Amino acid sequence: EPLLGVSCDHHDAAAAVVIDGIVVAAAEEERFTRRKHEPSLPLHAIEWCLDYADVRPGDLKSVIFYEKPMTAFERFLVTHAHAGPRGFSAFVKGVSSWSGSKLWIASRLERTLSSLGQKNVHVLYAEHHQSHAAAAFYQSPFDDAAIVVIDGVGEWSTCSISHGHGHRVNILEEVRFPHSIGLFYSALTSYCGFAVNDGEYKLMGLAPYGRPIYLQQLLGEVIHIHDDGEFRLNSKMFDYQSGRRMFSRRLQAVLGGPPREPNEPLTQRHADIARSAQDVLESAVLGIVRRARQLTGASALCLGGGVAHNCVASARVRGEQLFDDVWTYPIAGDAGASLGAALWQWHQMLGNDRSPLPNGSPEVVFLGPSYDDEEVGDWLEQLGVDHQHMDSWSELNGEVARHLEDGLLVGWFQGRMEFGPRALGHRSILADPRHSSVVERLNTSVKNRESFRPFAPAILASSADEWFEVGGALPYMAEVAG
C-alpha cells in the first residue's frame with residue numbers, strides 16, 4: 001500500500017511516496033515552481049511523486065501530514081496572549097493565515113488529491129519532531145541509535161532526544177518553546193542582516209572570519225547552557241513571541257549597536273558576532289548530544305532537524321567522538337520531514353520492520369525526476385541551444401576535463417534530482433579550484449552571492465583520507481572536513 005507524506009505552510013514544502021517501507025519518490029515543491037523555500041501546498045511535487053511511483057487513481061488510502069496544525073495553532077494563541085498588546089498586529093495577521101488555510105490542511109489535501117483521481121484518502125498526522133526523528137533514523141545505516149532533533153520549533157518542541165531501535169522510535173526528552181537554540185541562531189542571523197529560514201548558512205559561512213569576542217556576553221546574558229544538555233534563553237532578549245521581529249533592543253545593547261540592514265556592508269563586527277553565535281550553537285549541540293548518550297546508551301547517533309544543516313556543528317559532534325558513529329541526515333529540514341511522516345506511519349504506527357540503508361546509498365538523496373538523452377536533446381532543440389551528443393562517457397569526461405582546465409564553468413546534469421538542499425553531482429556547477437578567478441566569477445556572475453561563502457570539494461572517495469581528516473568519504477555534503 002502506498003503512503004504519501006507531505007510538508008508545507010511554513011517553508012520547504014515537499015512530498016514523498018513510500019511503498020512497503022521504501023522511499024520511491026520525493027521532491028520539493030520549489031523544484032517545480034522555481035521559488036526558493038516554496039511554502040505552499042506541494043501540488044506539483046505530489047502529482048509527480050504519485051505519477052513516478054505509478055500510484056493509480058484510487059490506490060492511495062492514506063496521506064500523512066508532517067505536523068499537527070491544531071497543536072501548532074495552540075502555541076500561536078498562547079504565545080501571542082503572553083506577548084500582550086505589542087504583538088496585536090502580528091496576531092491579527094497570523095489568525096488570518098491560520099483560519100484562512102493552515103488549519104484546513106485536511107480539506108486542502110483532500111481537494112488536491114481528488115483532482116488527481118485519488119478520492120476518499122484518509123488524512124493522518126505525525127508530530128513535527130516525530131517526522132524529523134523518523135526521517136533521520138529510518139534512512140540511517142543503524143539498527144540502534146540515539147536520535148537528536150534540533151530546529152526552530154515544531155508544535156511546542158524545539159529539541160528532542162529519541163532512541164531508535166529496529167522499527168521503533170521512542171522520544172525520551174524534549175525542550176519546549178520559547179527556549180530554542182534554532183531560534184537563537186535565527187535571531188542572530190536576522191541581526192546580521194540575513195533572512196530567517198534562508199540565511200542561517202550565511203551566518204555559519206561568515207563565522208570563520210570572526211573572533212568569538214561576544215561569546216561571554218551571549219552566554220552570560222542571552223542564553224544559559226548546562227553540561228547536561230539543558231539550555232534556557234533570556235526571553236527579554238528576543239521578540240519572536242510577539243511575531244514582530246526576532247530580537248529585542250536589549251539584545252542590541254548586549255551586542256553593542258543596531259542590527260545590520262540587508263543592503264549594508266558586512267564589517268568585522270558582524271563576522272565576530274557570527275563566530276560568537278556559532279560557538280554558542282556548537283556548545284549547546286554538544287551538551288544535547290552528551291545528554292543523548294547518557295539517556296540512550298547507544299553507540300551511534302542520528303542528527304535531524306534544521307540545525308543539523310549546520311555542517312560545522314555536525315562535524316564538531318563527530319570530532320568530539322561522543323559516539324562511535326554519527327549520521328547527519330542530509331535532508332534534515334522540513335522537506336525531509338515529509339518523507340519522515342510517511343516512514344513514521346509505516347514503521348512506528350503500522351509496526352513494519354525495516355532494513356538499515358548503507359552509508360552513501362543513492363536511495364537517501366537521489367529521489368527526484370530524471371530525464372533521458374532524448375528528452376534533454378529535444379529541450380535543447382526547442383531552445384535553440386547549440387549542443388553536441390557524445391558517444392561515450394570517456395569522451396564526455398575528457399571534454400568536460402578540458403573545459404575545467406581552461407578555467408570554464410560546467411553545468412553537470414545526470415540521473416535523478418537530489419532531494420534536499422545539497423547539489424551532489426546530479427545538478428551541480430563544476431569548476432577547477434586552481435584558477436583563482438573562478439571563485440570570484442562563480443560568486444559574482446553566476447550565483448550572485450557573498451564572497452565569503454564556501455564551496456564543496458569533489459574528489460574520489462578512495463582519496464578522501466589523502467586530502468581531508470574525515471575518516472572516510474562524506475557522500476552527502478552534510479559535514480565540513482578539515
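The values are calculated or read from the model by the stated rules, or taken from the named source; none is laboratory data. Fair warning: this is a prediction, and the values are worked out from it, not measured in the lab. As a convention, Cβ positions derive from the backbone with ideal geometry for all residues, glycine included, and neighbour counts pool all protein chains shown. Note: accessible area is taken over every heavy atom of the protein model, side chains too, but ligands, DNA and RNA are not part of it. Shrake-Rupley method; radii C 1.70, N 1.55, O 1.52, S 1.80 Å.
Give the long-range amide H neighbours of Phe238: residues separated by 5 or more places, or on another chain, with amide H under 5 Å away, using H modelled in the peptide plane at 1.01 Å from N.
Residues meeting the criterion, in which the H sits 1.01 Å from N, are Ser248.
What list of ³J(HN,Hα) couplings, whole Hz, do you get for the range 35-40 from phi and the Karplus terms 6.51, -1.76, 1.60, once you set θ to phi - 60° and write x for glycine and proline?
Result, rounded to whole Hz: 10, 4, 6, 3, x, 6.
Convert each backbone phi in the range 166-179 into a coupling constant with the Karplus relation 6.51 cos²θ - 1.76 cosθ + 1.60 (shift: θ = phi - 60°), then list the ³J(HN,Hα) values in order as whole Hz, x for Gly and Pro.
x, 9, 10, 10, 10, 7, 9, 9, 8, 9, 10, 3, x, 7
Skipping prolines and chain starts, which residues have an amide H placed within reach, meaning under 5 Å, of the one on Ile64, given they are 5 or more residues away or on another chain?
When sequence neighbours closer than 5 places are left aside, the close amide H contacts are Leu4, Gly5, Val6, Leu124.
Tell me, what is the FRET efficiency for Tyr209 and Arg176 to the nearest 0.05, using R0 = 30 angstrom and their Cβ-Cβ distance as r?
Details: r = 34 Å, r/R0 = 1.15.
For R0 = 30 Å, the calculated efficiency reads 0.30.
Between Pro369, Phe419, His435, whose Cα lies farthest towards the positive end of the dipole of the range 354-435 when Lys and Arg beta carbons carry +1 and Asp and Glu beta carbons carry -1, centred on the Cα centre?
Phe419
When ligands, DNA and RNA are left out and all protein chains stay put, how many square angstrom of accessible area per residue does the range 343-396 have with a 1.4 Å probe? All intermediate terms of the calculation are to be shown ahead of the outcome.
On the way: 3680 Å² over 54 residues.
On a per-residue basis, 68 Å².
Check Glu173: other-chain or 5+ apart residues with amide H under 5 Å from its amide H, H built from backbone geometry?
Close amide H contacts, sequence-distant or interchain: Ile161.
Normalising by the residue count of the range 101-190, find the relative contact order in percent from Cα pairs under 8 Å and 6+ residues apart.
Computed value for the range 101-190: 20 percent relative contact order.
Below 8 Å between Cα atoms, with a sequence gap of 6+, how large is the relative contact order for the range 362-482 in percent? Spell out each step's value before the answer.
On the way: 107 pairs, mean separation 24.9, N = 121.
Normalised by residue count, the contact order of the range 362-482 is 21 percent.
Add +1 for every Lys or Arg and -1 for every Asp or Glu among the other residues with Cβ under 12 Å from the Cβ of Val55, and state the total. Write out the running numbers ahead of the final one.
Values: positive: Arg56, Lys61; negative: Glu1, Glu47, Asp51, Asp54, Asp59.
Every neighbour counted, the sum reads -3.
Where the eigenvalues come from the Cα gyration tensor of the chain, what are the semi-axes √(5λ) of the equivalent ellipsoid, largest first, in whole Å?
Details: eigenvalues 221, 181, 112 Å².
In descending order the semi-axes read 33, 30, 24 Å.
Please report, largest first and rounded to whole Å, the three semi-axes of the ellipsoid equivalent to the range 402-482, where each semi-axis is the square root of five times an eigenvalue of the C-alpha gyration tensor.
Value: 21, 16, 14 Å, ordered largest first.
Can you work out the FRET efficiency for the pair Glu47 and Lys119, with r the C-beta to C-beta distance and R0 = 22 Å, to the nearest 0.05?
Working: r = 15 Å, r/R0 = 0.69.
Here the calculated transfer efficiency is 0.90.
Roughly how many percent of the accessible protein surface of the chain is carbon and sulfur, given a 1.4 Å probe and a whole-percent answer?
Taking all protein chains in place, the chain shows 52 percent carbon and sulfur surface.
Report D for the range 145-246 in µm² per second (integer): Stokes-Einstein, Kirkwood Rh on Cα pairs, 4 °C, 1.567 mPa s.
On the way: Rh = 15.0 Å.
Here the translational diffusion coefficient equals 86 µm²/s.
Per residue, how much accessible surface does the range 97-239 expose to a 1.4 Å probe? Answer in Å², no decimals.
Values: 5360 Å² over 143 residues.
Roughly 37 Å² per residue, with all protein chains present.
When only C-alpha pairs under 8 Å and at least 6 residues apart count, what is the relative contact order of the range 378-439, in percent?
Details: 52 pairs, mean separation 15.9, N = 62.
In percent, rounded to a whole number, it is 26.
Where the convex hull is taken over the Cα atoms of the range 330-482, what is its projected area averaged over directions, in nm²? Walk me through the numbers before you get to the answer.
Numbers: hull surface 50.1 nm².
Quarter of the Cα hull surface area: 12.5 nm².
For a Förster distance of 35 Å, can you work out the FRET efficiency between the beta-carbons of Gln294 and Asp54, rounded to the nearest 0.05? Walk me through the intermediate numbers first.
On the way: r = 46 Å, r/R0 = 1.32.
About 0.15, to the nearest 0.05.
Once phi is turned into ³J(HN,Hα) by the Karplus curve 6.51 cos²θ - 1.76 cosθ + 1.60 with θ = phi - 60°, what whole-Hz value does each residue of the range 415-420 show in order, with x for glycine and proline?
Taking θ as phi minus 60°, the curve returns x, 7, 4, 5, 9, x Hz for the range 415-420.
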